Amino acid sequence: MPSAQTAAGKVLWHFTMSLDGFVAGPDHAMDWLTGTSFRPGPEEEYAGTTGAVLGGRDGWDAFPHASGGYGGRWKGPVFVLTNHPEDARPADGVTFLCCDVAEAVRIGLDAAGGGNLEVLSASIGRQLLRRGLIDEIALHVAPVLLGDGVRLFDNPGGAPVRLELLGGADPSAAVDVRYRPATDG
């Protein structure tokens, strides 16, 4: 089991992901998470360590709600990075940014006040990873195969990005996950 999340002013790319690597279904659908259970405590853990959130415009347009993060346990500054802020649906606590991703991180970390900046966008996360601006990736793997939607990471023709496992004795260890097809019933 990974160690508990800490608030260390880091840039944390955070998602629940299907076993086949999707973080949202087609059109950013999230209904595939219905019925998924999680270990006790992660909502409190992440709510207590998150200082600000950085998301993308596609996700915002699909779910334009700034309040109620982590089951309503977190409230704070939300930043939405977009190329066209002029037509974004405004909301209290949300700032629309039209800038470079590195500048968006700087703004988000300043607003996080020592807490973590959670990146809740696959596209922004990929850009930050390429620039070396992601400190950690936190993934929760849901027992579902989506087959289509928004992938966490695409890098056609690019080199693999090696990661280190946190909280384990061997940072290069693979993580074992075993599922079987569920039966209706």
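Tell me, what ³J(HN,Hα) does each residue in segment 113-122 have, in order and in whole Hz, if you take phi through Karplus 6.51 cos²θ - 1.76 cosθ + 1.60 with θ = phi - 60° and put x for Gly and Pro?
Working through the residues one at a time gives x, x, x, 7, 9, 8, 9, 10, 8, 5 Hz.
For a Förster distance of 41 Å, can you work out the FRET efficiency between the beta-carbons of R162 and A182, rounded to the nearest 0.05?
0.80
Which FRET efficiency value, to the nearest 0.05, do you get for R130 and D31 by plugging their Cβ-Cβ distance into 1/(1 + (r/R0)^6) with R0 = 22 Å?
Efficiency at R0 = 22 Å is approximately 0.10.
Write down the percent of antiparallel bridges among all DSSP beta bridges whose residues are both part of segment 1-134, to the nearest 5.
In segment 1-134, approximately 5 percent of DSSP beta bridges are antiparallel ones.
Can you run phi through the Karplus equation (6.51, -1.76, 1.60; θ = phi - 60°) for segment 15-20 and list ³J(HN,Hα) in whole Hz, with x for Gly and Pro?
Karplus values, whole Hz, x for Gly and Pro: 8, 9, 10, 6, 4, 9.
Would you mind classifying segment 125-172 by shape? Square roots of the alpha carbon gyration tensor eigenvalues, ordered a ≥ b ≥ c; an a/c under 1.5 is rounded, otherwise it is prolate if a/b is larger than b/c and oblate if not.
Verdict is oblate for segment 125-172.
Could you work out how far apart the two model spin labels at C99 and L139 are, taking each label as a point 7 Å from the Cα in the direction of the beta carbon, and quote it in nm?
3.0 nm
Please list Y179, Y70 from largest to smallest accessible area, probe radius 1.4 Å, with all protein chains kept in place.
Y179, Y70
Report the local net charge at P143: Lys and Arg +1, Asp and Glu -1, summed over other residues whose C-beta lies under 13 Å from its C-beta.
Result for the local shell: +1.
Return the long-range amide H neighbours of H140 (sequence gap of 5 or more, or a different chain), with a cut-off of under 5 Å between placed amide H atoms.
Here the answer is F15, T16, M17, since their amide H atoms fall under 5 Å of that of H140.
Given points 7 Å out from each Cα along the Cα-Cβ axis, report the D92 to V175 separation in nanometres with one decimal.
Reported label-point gap for D92 and V175 is 3.6 nm.
Using a probe radius of 1.4 Å on heavy atoms only, what accessible surface per residue do you get for the chain? Whole Å² is fine.
Ligands and nucleic acids excluded, the result is 59 Å² per residue.
The values are calculated or read from the model by the stated rules, or taken from the named source; none is laboratory data. Since we're looking at a predicted model, the values are computed, not measured. Neighbour counts run over all protein chains shown; Cβ positions are idealised from the backbone, glycine included. Please note that ligands, DNA and RNA were not included when accessible areas were found on the heavy atoms of the full protein model with its side chains. Shrake-Rupley method; radii C 1.70, N 1.55, O 1.52, S 1.80 Å.
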